[in-house]
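First up is the structure itself, then whatever we jot down about it.
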Amino acid sequence: MDKQAILDCLDKKAFYASQLSSFKANGSGMGQGLCPFHKDTKPSLSVNLNDGHFHCFGCGEKGSVFDFYMKQNGVDFVGAKDALANVAGIATEPKKKILRTYDYTDEAGKLLCQTVRYDPKDFKQRRPDGRGGWIYDLHGVRLVPYHLPEVLKEKSVIIVEGEKDADNLETLGLTATTSPMGAGKWRKEYNEHFKEKHVAILPDNDDLGKKHAQAIAGSLHRVAESMKVVELPGLPHKGDVSDWISQEGTKEALIELIKQTPEWVGDETLVATPENSVAQEASTTKSIRVVSLPEMLSMEFPPRENILCPWLPTQGIGMIYSIRGTGKTHVALGISVAVASGGRFLRWEAPQPRGVMYVDGEMPAVVIQERLSHIIASLDKEPSAPLHIVTPDLQKSGMPDLSTYDGQMALEPHLDGVSLVIVDNISTLCRGGRENEAESWLPVQGWALRLRTRGKSVLFIHHSGKGGLQRGTSRREDVLDTVINLKRPGDYRPDEGARFEVHFEKARGIYGENVKPFEAKLITGIEGKQEWGMKDLEESLTERVADLLNQGVPQQEIAEMIGVAKGTVSKHKRKAQDAGLLTITA
């Protein structure tokens, strides 16, 4: 069932009229009603009746009609899509049949999550909701190897690529396990369960399966008592141990194969998953290059240019962060288009057009489309270099997890001609481990550094926490050239839209005027053309103090409103007087 087909057939006006109190539509394709997501006393929820998007100017909730239905009715996206298809009069697709579920339990046998196998063939992960139902994600779930209680009891363990294979080996009387979500998903925290065990890995008969086996071996070879990677004879391409068993493979034959296989000692074919630092070490120690001081000084390197002057260099790694709703995505898209067109954004300029990949992890595709349309319509020249866009609504299997080898490899075929990769944002696109743990960042850092060695730059977009600082580990800043914090002004009002202060918190190699804080505000003209108004923060603060003083607001209240000391207000009052900005005497 096509999402766009539902939107095309859905009567948005009738739908929202049935959902919102005091709903009224005007003649310009917009509607308004009381917001159901907060105690609304005057209609503050606006609806675009052309595309179904809503935005509450009271509480800030916004999104597509699917987002509205999910929040209003407490269902997931699939449920919302089915319900809205019914409202639109579209027959829904037959639901997939569950063929099998595989339980992942902790050491005591308590259920943590399940892998669900469907017909037609598909897999999903889900976790208990605590009320007898399921939530179809692994948010907050402790991930463990399959059959963990059995693994802990046995001295010898076989590792395979899927739950079905592990179960088939179990029917033969052997202890077998796998990692959640299949190939490329091995995590170093699984290693502790295999200490002092005899481990045999049975790879699937394809490149991905063999790389997966080598990565696990590289991770466990200093942990397990012995380690073997066993090639099963007679497997078809993409075949696995279940195929081998179906060809009359027996427990005794498999045990003999394992005995005859020499122990794994590592070789040049080892491919390490990014989350596996031990495997990375094993894979790189044989090819490390060391140069002397004279050699280093005599080497010729290409000059480091700027992708976006003055702060984003070629082979640079940067971060922009702020609280939710400040305007991070406006900035990320503005930078994307400026770099691809060789144009300007805010106070920054791209010297020449360069290829960009913009990877978005949370915005509806229609919103990205709308924002890009406004940006392009406001340009003097359109992008002449590639601008590739990856957005969740276009992915059948969900967005890649860039903290995993598979997720990073998913982008690889599309990076030719790309000089800048923008990751918007870390929370949604780098999901491995916990955000505040330094080790969870290492796979992403390693990926960014590998892109840097290939001449590419990476810009991460990130959320800040309650205190205004970037969320999670501060270890991220170790490799970053630039860190920019977008701050909401103290007197900001929600009806102003995108307005923020730009503060450089780390700026490697730039200083002075180039890193002075400034305020930016998105201004939309009568014909829909957008431009950014900018002022030095000092100038902006003086004008804001003058405006509030002219309204009769006491200095102490002004200080509290805009988040500065009273002495700062007094200083800017004097500046306002000197500039003739005050219309009242005080």
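Each value in this text was obtained by applying a stated rule to the coordinates, not by laboratory testing. This is a predicted model, so every value here is computed, not measured. Virtual Cβ from ideal backbone geometry, glycine too; neighbours counted across all protein chains shown.
Cysteines of the chain lacking any other cysteine Cβ under 4.7 Å from their own Cβ: 9, 59, 113, 309, 430. Which one, 60, 258, 558, projects farthest toward the positive side of the charge dipole computed for the chain from Cβ point charges (K/R +1, D/E -1)? Value: 558. Rounded to the nearest 20 debye, the dipole size of the stretch 306-487 about its Cα centre is 380 debye, using +1 on the Cβ of Lys and Arg and -1 on the Cβ of Asp and Glu. Within straight-line reach of residue 529, meaning a Cα separation under 19 Å, sit the following aspartates and glutamates at least 8 residues removed in sequence or on another chain: 370, 380, 382, 495, 496. Summed over qualifying helices (DSSP H, 4 residues or more, each -39500 (n - 2.57)) and divided by its residue number, the chain shows a 222 nm mean residue ellipticity of -9000 deg cm²/dmol. Only the Cβ atoms of Lys and Arg (+1) and of Asp and Glu (-1) were treated as charged; on that basis the dipole of the chain about its Cα centre amounts to roughly 1460 debye. The dipole here belongs to the stretch 143-284: it is taken about the Cα centre, uses +1 on the Cβ of Lys and Arg and -1 on the Cβ of Asp and Glu, and is about 320 debye.
Specify the inter-centroid distance of the stretch 486-518 and the stretch 16-81, based on alpha-carbon positions, in whole Å. First find each Cα centre; the distance between them is then 32 Å.
The distance from the alpha carbon centre of the stretch 136-198 to that of the stretch 519-586 is 61 Å, rounded to a whole number. In order along the stretch 163-177, phi translates into HN-Hα couplings of 5, 4, 5, 4, 5, 5, 5, 5, 5, 7, x, 10, 8, 9, 8 Hz, rounded to whole numbers, per the Karplus curve 6.51 cos²θ - 1.76 cosθ + 1.60 with θ = phi - 60° and x for Gly and Pro. Can you find, among 338, 168, 49, the residue sitting farthest towards the positive end of the charge dipole of the chain, where Lys and Arg contribute +1 and Asp and Glu -1 at Cβ? Checking the options against the dipole of the chain, the answer is 49. Here the spin labels are modelled as points 7 Å beyond Cα on the Cα-Cβ line, and at residue 570 and residue 88 they lie 6.3 nm apart. Label-to-label distance for residue 4 and residue 382 is 1.8 nm, based on points extended 7 Å past Cα in the beta-carbon direction. Here's the list of lysines a cross-link from residue 571 could span, going by alpha-carbon distance under 20 Å and ignoring same-chain residues fewer than 8 apart: 516, 535.
Name the residue farthest towards the positive end of the dipole of the stretch 342-411 from the options 395, 348, 373, assuming +1 on Cβ of Lys and Arg, -1 on Cβ of Asp and Glu, about the Cα centre. Farthest along the dipole direction, towards plus: 348. What lysines sit close enough to residue 121 to cross-link, taking a C-alpha to C-alpha distance under 16 Å and skipping anything fewer than 8 places away on the same chain? Within the straight-line limit of under 16 Å, residue 121 reaches these lysines: 95, 96, 97, 164, 238, 396.
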